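**Student:** There's a structure below that I have some questions on.
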Amino acid sequence: MSGMPQYRLDARADVVEFAPGWELVVGLEVHTELLTVTKLFCRCRNDFGGAPNRNTCPVCLGLPGSLPVVNRRAVEFAIRIGLALNCQVQSSIFHRKNYFYPDMPKDYQISQYDVPINAKGYLTLPSGARIGIERAHIEEDTGKIVHRGGGGRIASSDASLIDYNRSGIPLVEIVSSPDIATPEQAREYVSELRAVLIAIGASDGKMEEGSLRVDANVSVRPTGSAELRTRCEIKNVNSLRSLGRAITYEAERQIALYEKGEAPLQQTRYWDEAKGVTGALRSKEEAEDYRYFPEPDLVPLAPSDGWIAEIRSSLPMLPSGRRSYLLEKLAMSATNDQVETALAEPLFPFVHEALERGVEPRVAVARAANELASLQPIPDSLDVDRFVTICLKEAKGEVTATQAKALISKAAESEVDIEELIRTLGFERVDDSALRQMVEGVVGAHPEEWARFVGGEAQLRGFFVGAVMKASSGKADGKAVAAVLGELAARG
Ligand code: MN
Ligand code: ZN
């Protein structure tokens, strides 16, 4: 359910028009499930899938007399998220958010209200835009209603069933400031936030499984104005592509209303992927509708400075840091698809180790973004060490690029030692004198072509390189062959 975005009234520095005369104002609420072993307030397992209602107990079923106990690991993940998003991590308390929904057996959700654990941070996007983070608080997930028949919608279904496996799974809700000005920026924000959550180990980032859920607060205003008009909240958009489409549709709908002299109503709306439209779900609640009050069964959450410092020091390099690191190593000024692929999980640890051990950056990034990426999930037999060994051999010219690619796929298939793979595949390097002999042999066998090549028919280089490659059963390095050919030709 919704947090409470406290909309800021300061105008953005750079105005980007969405449509002639109109600016788009978007704030996103992202709910992420945390990768804990157990639930937020009980010891039931936090697992996706499985038989319905298997992971339940009196606490997460809301039975009378049961009491919540906070999961320390969930709090640690929440702090990791706060630190990674440059938030102020503070002492906080839990509140009860009261409303009825059949998938929430207590009739209230334990959440955080005016004193969240993380407040006032920001996330810098790859494009350089800085999006404010209002808050990132802890709360419990609800169960899940499954509508049987009728395409999964309640109105046309035959029956509705409830699965409480998800009830009480720990969530962090991350509420952005309304700083997002285009549908593309909304996608960029979610994509970068997802990468951060995965990098710090807090979430698996699976939007399709619902472990990352995005709600978008969308409004429009005349270009250059600082006002915040009525917003609509679009619930649970489950892919980046849908997010962009839903925001675009909703903004155009609101603009059309204003241009007819009408105004949108404050509503919670859903996104219909098939029809490509948003539709009204209910009029939007205000915070006071929930009758928040402090949760009497839980004590305040007061992480010590020492614990926060310990968590801070355990944070890995974040995606923005990885991006700058790779760009610096590659001597590039802007990111591209290959760099973005290489800095993501699970590839980055491979690239990082390769670079730290002296592999040429271009080789490490290319092998990770192409060959390793195509293997996902990466099998255990291809660990970081074996990957680095292969890259080092390519970087030193002991194997060619083509051979390195083949070695990566072979190393993924079995535990066989890399040196042995090189021998069995016949990838031993042809040494300089053997190579020279081979080139001379080929040249001697084709005197007529050689004379024309020396006489200036440069296109015959391909003929000779090909013939030497054939003679070496593909083991010779094309560049080395060309070099020897050039040397012999210079001598006449
Ligand atoms: Mn929520
Ligand atoms: Zn339980």
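The values are calculated or read from the model by the stated rules, or taken from the named source; none is laboratory data. Quantities reported herein were computed from a predicted structural model and do not represent experimental measurements. Note that each Cβ is placed from the backbone with ideal geometry, even for glycine, and that neighbours are counted across all protein chains shown. Please note that ligands, DNA and RNA were not included when accessible areas were found on the heavy atoms of the full protein model with its side chains. Shrake-Rupley method; radii C 1.70, N 1.55, O 1.52, S 1.80 Å.
**Student:** Mean residue ellipticity at 222 nm from the helices of the chain, using -39,500 (n - 2.57) per DSSP H segment of n ≥ 4 over the full residue count, to the nearest 500 deg cm²/dmol? All intermediate terms of the calculation are to be shown ahead of the outcome.
**Tutor:** On the way: 15 runs with 172 residues, N = 492.
Value at 222 nm, helices only: -10500 deg cm²/dmol.
**Student:** Related question: For the ranges 181-192, 256-267, 200-211, what's the packing order if you count other beta-carbon atoms within 10 Å of each residue, average per peptide, and put the highest first?
**Tutor:** Numbers: 181-192: 20.5, 256-267: 12.8, 200-211: 17.4.
By packing density, highest mean first, the sequence is 181-192, 200-211, 256-267.
**Student:** Accessible area of region 310-385 with a 1.4 Å probe: how many percent of it is carbon plus sulfur?
**Tutor:** Details: 1830 of 3770 Å².
Reported share for carbon and sulfur atoms: 49 percent.
**Student:** Any idea how far the Cα center of region 225-276 sits from the one of region 34-88, in Å?
**Tutor:** Result: 32 Å between the Cα centres.
**Student:** Between Asn98 and Ala302, what is the label-to-label distance in nm when each label sits 7 Å out along the Cα-to-Cβ direction?
**Tutor:** 2.8
**Student:** Given H placed on each backbone N at 1.01 Å, which residues far from Ile180 in sequence or on other chains put an amide H within less than 5 Å of it?
**Tutor:** Under 5 Å from the amide H of Ile180: Val26.
**Student:** I've got another one for you. Which ³J(HN,Hα) values, rounded to whole Hz and listed in residue order, are derived for region 116-132 from phi using the Karplus coefficients 6.51, -1.76 and 1.60 in 6.51 cos²θ - 1.76 cosθ + 1.60 with θ = phi - 60°, glycine and proline given as x?
**Tutor:** Working through the residues one at a time gives x, 5, 10, 9, 6, x, 7, 10, 8, 8, x, 6, x, 5, 10, 9, x Hz.
**Student:** When the accessible area of region 95-140 is split by element with a 1.4 Å probe, what percent falls to carbon and sulfur? Can you show the working numbers first?
**Tutor:** Details: 840 of 1640 Å².
Summing carbon and sulfur atoms, their accessible area is 51 percent of the total for region 95-140.
**Student:** Follow-up. Please give me, ordered by residue number, the chymotrypsin sites (Phe, Trp or Tyr not before Pro) of region 14-64 that lie in loop per DSSP and have at most 15 other Cβ atoms within 10 Å. All intermediate terms of the calculation are to be shown ahead of the outcome.
**Tutor:** Numbers: sites: Phe18, Trp22, Phe41, Phe48; in loops: Phe41, Phe48.
Of the chymotrypsin sites (Phe, Trp or Tyr not before Pro), the ones in loops of region 14-64 whose Cβ has at most 15 other Cβ atoms within 10 Å are Phe48.
**Student:** Angle, helix 401-413 long axis vs. longest principal axis of the chain, Cα atoms, 0 to 90°, nearest 10?
**Tutor:** 50
**Student:** Right, here's the next one. Quick check: pseudo-label points 7 Å beyond the Cα along Cα→Cβ at Ser324 and Val37, how many nm apart are they?
**Tutor:** If labels sit at Ser324 and Val37, their model points lie 3.7 nm apart.
**Student:** Go through region 277-307 and name the trypsin sites (Lys or Arg not before Pro) that are in a DSSP coil and have 13 or fewer other Cβ atoms within 10 Å of their Cβ.
**Tutor:** Sites meeting the loop and neighbour criteria: Arg291.
**Student:** How much accessible area per residue does the chain have, in Å², with a 1.4 Å probe?
**Tutor:** Numbers: 22940 Å² over 492 residues.
Ligands and nucleic acids excluded, the figure is 47 Å² per residue.
**Student:** Quick check for me: using +1 on Lys/Arg Cβ and -1 on Asp/Glu Cβ, what's the dipole size of the chain about its Cα centre, in debye to the nearest 20? All intermediate terms of the calculation are to be shown ahead of the outcome.
**Tutor:** Working: 57 positive and 69 negative charges, 77 e Å.
Dipole about the Cα centre, nearest 20: 380 debye.
**Student:** Continuing with the same structure: To the nearest 0.05, what FRET efficiency results for Glu415 and Glu356 with a Förster distance of 25 Å applied to their C-beta separation?
**Tutor:** Working: r = 24 Å, r/R0 = 0.97.
That pair, Glu415 with Glu356, gives E of 0.55.
**Student:** Distance between the C-alpha centers of region 172-208 and region 118-143? Whole Å please.
**Tutor:** 8
**Student:** Given a 1.4 angstrom probe, I'd like the percentage of the accessible area of region 216-306 that is carbon and sulfur, rounded to a whole number.
**Tutor:** Values: 2290 of 4550 Å².
C and S fraction of accessible area: 50 percent.
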